[in-house]
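To start, the structure under review is shown below, and the notes come after it.
The values are calculated or read from the model by the stated rules, or taken from the named source; none is laboratory data. Since the model is a prediction, treat every value here as computed from it, not as a measurement. When we count neighbours, we look across all protein chains shown, and the Cβ atoms used for this are built from the backbone with ideal geometry, even at glycine. We work out accessible area using only protein heavy atoms, side chains counted, and drop any ligands, DNA or RNA first. Shrake-Rupley method; radii C 1.70, N 1.55, O 1.52, S 1.80 Å.
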Amino acid sequence: MTWARARDFDVFRLPAHLGRGSNHSDMSDCPCNSARDYDACCGPLIRGDRKASSPVELMRSRYSAFVRVEIDYLGSSYDPVTRHEFDPDQARAWASDADWRGFELVRSEGGGTDDTTGEVEFIAHYTLKGVDVDHHEISEFRRDGDTWYFRDGNEVPVTVRRDSPKVARNGPCPCGSGKKYKKCCMNK
């Protein structure tokens, strides 16, 4: 499988005056930080003036909708087949409580004019309840006629790197007690 890079790992960071999820009605820069005005970028999609032309454009607009707490748009951009999984109250709470810090478009695959499916890998940076989160996801999109829909997203697992080798539960405890790890320090 060949992966197409989305503009060689563009990083989109929110300007300093943006952040906590709210309506940002005074904001002219688009939250997806495309260096375009909101009304020329994601605004027309979120307002329903036009449809996304690709999964990347839909993903950018969905990110902007989270930043601006445009929950109706998030629901309508879900694939009708999976829309029942969308919880608008949960989305509203999350979008409102998060301090949105930026959007990173990692790569995209498919989503061309002849494609009916596409994938977008991205990282959404936000702070929630004082914890910095880098939400890394691969989202799947489906086109029905001339409309792209968000179908599903799978979080990319974080690789844990240890400073020392992993201790086997039935191996000797590294504390030197002579007991098995599971009977000694495993649950401490």
Checklist entry - What tally of residues in the range 113-129 results from selecting those that are closer than 24 Å to residue 54 by Cα and open to solvent by 30 Å² or more (accessible area, probe 1.4 Å)? => result 6
Checklist entry - If you go through the range 52-67, how many residues are farther than 15 Å from residue 122 by Cα and in contact with a helix residue (DSSP H, G or I) (Cβ under 7 Å, 6 or more places away or on another chain)? => result 2
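Which one of 102, 112 is of a type in the set (Gly, Ala, Ser), closer than 19 Å to residue 60 by Cα and assigned to a loop (DSSP other than H, G, I, E, B)? Please lay out each step first, then the result.
Working: 102 fails: assigned to a loop (DSSP other than H, G, I, E, B).
Answer to the selection: 112.
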Next on the checklist: Can you pull out every residue in the range 141-164 that is in contact with a Ser or Thr (Cβ under 7 Å, 6 or more places away or on another chain), open to solvent by 40 Å² or more (accessible area, probe 1.4 Å) and either free of Cβ contacts under 8 Å to residues at least 40 places away in the same chain or not in a strand (DSSP E or B) (or both)?
Outcome noted: 143
Checklist entry - What residue, of 113, 127, is without any contact (Cβ under 8 Å) to a residue 40 or more places away in the chain and under 21 Å from residue 158 (Cβ atoms)? => result 127
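Go through the range 81-99 residue by residue and tally those that are free of Cβ contacts under 8 Å to residues at least 24 places away in the same chain and part of a helix (DSSP H, G or I).
First, pick out the residues of the range 81-99 that are free of Cβ contacts under 8 Å to residues at least 24 places away in the same chain: 83-90, 92-93.
With part of a helix (DSSP H, G or I) added as a condition, the list becomes 83-85, 88-90, 92-93.
Residues that pass the stated criteria total 8.
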